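Quick notes on the structure that follows.
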Ligand SMILES: [Fe+2]
Ligand SMILES: [Fe+2]
């Protein structure tokens with residue numbers, strides 16, 4: 001399977017995992033309004049799954065590869081939603097959206113025209129999901145900086161481990177680093193200081 005197509009398989013699986021996590025997250029949203037926004041996100045992610053699946057079918061791609069590299073991040077997210085820990089869950093939601101946006105953006109110019117237009121459509125949604133997460137995180141930030149920092153540090157450690165074990169292709173590696181840095185800047189804007197990935201090694 002070509003690398004560009006292999007990556008579509010991983011996206012599809014990532015979107016599916018996202019749907020599962022968001023459905024659980026919705027059950028302990030602090031307000032009805034926030035729960036509704038999460039429900040809308042679930043619809044978006046389901047649509048993304050369908051879009052990727054359709055592209056894969058059109059391209060006649062057989063999907064069997066698991067997105068092992070990012071498994072740790074989803075496990076961590078699952079842990080947070082299992083505990084119904086809203087602060088940590090929303091913190092990791094923003095990390096996942098940041099990563100999705102950076103990864104899809106990085107694919108622009110590398111896929112066929114039709115896939116590109118699918119990607120552009122998806123990027124707009126991920127941007128909105130990220131903004132939603134940052135807004136919610138900002139609401140609960142005060143007094144919870146330590147939990148937010150904890151998530152950011154754990155994600156960094158997951159990346160470092162994946163890098164060390166050579167489980168990530170170079171392009172994903174660079175995207176992960178970029179996303180982590182962008183997220184650091186985003187957190188700074190809401191008053192949470194976290195160390196960069198270089199400091200984590
Ligand atoms: Fe998505
Ligand atoms: Fe999303």
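The values are calculated or read from the model by the stated rules, or taken from the named source; none is laboratory data. Everything numeric here is computed off the predicted structure, so don't read it as measured data. Quick reminder, even Gly has a Cβ in these numbers, built from the backbone with ideal geometry, and neighbours come from all protein chains shown.
The helices (runs of 4 or more DSSP H) falling completely within the stretch 83-195 that include 2 or more residues that are over 15 Å from the mean Cα position of the chain (by Cα) and over 25 Å from residue 48 (Cα atoms) map to 113-140, 145-164, 170-189.
When residue 91 is tested against (1) within 16 Å of ligand 2 (Cβ to nearest atom); (2) at pLDDT below 95, only condition (2) is not met. Annotation: residue 158 fulfils all but one of (1) at pLDDT below 85; (2) under 22 Å from residue 14 (Cα atoms); the unmet one is (1). The combined condition, being closer than 16 Å to residue 92 by Cα and surrounded by fewer than 14 Cβ atoms within 10 Å (Cβ to Cβ), is not fulfilled by residue 114.
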